[in-house]
1. For Val126, list long-range residues whose amide hydrogen, built 1.01 Å from N in the peptide plane, is under 5 Å from its own amide hydrogen.
2. ³J(HN,Hα) across the range 122-132 via Karplus (A = 6.51, B = -1.76, C = 1.60, θ = phi - 60°), whole Hz, x for Gly/Pro?
3. What does the accessible area per residue of the range 100-150 come to in Å², with a 1.4 Å probe and no ligands, DNA or RNA counted?
4. Could you please put Met135, Met130 in sequence from largest to smallest accessible area, using a 1.4 Å probe?
5. So, in nm, how far is label Ala97 from label Val68 when the simple model puts each one 7 Å beyond its Cα toward the Cβ?
6. Enumerate the amide H contacts of Val50 below 5 Å, restricted to partners 5 or more residues apart or on another chain; note that Pro and chain-start residues carry no placed amide H.
7. Rounded to the nearest 10 Å², what accessible area does Asp60 show when all protein chains are kept and the probe is 1.4 Å?
8. From the phi of every residue in the range 104-114, what ³J(HN,Hα) in whole Hz does the Karplus formula 6.51 cos²θ - 1.76 cosθ + 1.60 yield, where θ is phi - 60° and glycine or proline is x?
Amino acid sequence: FLHAKETVRLLADSQSGNNFTGDDRRIKPRSDITAAENEVARAKRLKPEVLFVDLGLLADPDLAMLKVMQHECPEMRVVLLADDKQDEDVIMTALEAGARGYLDHETARQHISRVASVISKGEFWVPRRMLGKIMDRIHARNGIVDTKQT
């Protein structure tokens, strides 16, 4: 499904756990470093415009991998792949830390090319139901009180 556009390349299939390493040395993981270090190193070598990363890889409390990726590859935009069952606070924290959007695993196959296109244009991708929560956080930080009449 990802081969519809030549600009989109599948490095790993999160559903099956298969790595598509092929013969390209830039894609092959190294055995002497951690999985997170491998992902950062591969991102540095490949320099993708948009990188889809499973939230599970970023779920450490301080989101170290996301921060390292942003530092090492500042032009790269990270989109989270997450399950709706995962803690929305973790997703929100990752978005605040610089992730450009999030897509749930169930809809990833349907939307991944579209999301990559939108993100590469500098836009964000979040499910509509998350927009209210994002705005609530922005308002809370800025001391804006919800004056909605009930």
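1. Tyr102
2. x, 8, 10, 9, 9, x, 3, 5, 7, 4, x
3. Values: 3760 Å² over 51 residues.
Per-residue value: 74 Å².
4. Working: Met135 90, Met130 0 Å².
Order by accessible area, largest first: Met135, Met130.
5. Output for this residue pair reads 1.2 nm.
6. Arg77
7. 50 Å²
8. 7, 4, 5, 9, 4, 4, 6, 10, 4, 5, 5
The values are calculated or read from the model by the stated rules, or taken from the named source; none is laboratory data. No experiment lies behind these values; they were computed from the predicted model shown. Backbone-built Cβ (ideal geometry, glycine too); neighbour counts: all protein chains shown. In case anyone asks, the SASA skips ligands and DNA or RNA and just uses the protein heavy atoms, side chains included. Shrake-Rupley method; radii C 1.70, N 1.55, O 1.52, S 1.80 Å.
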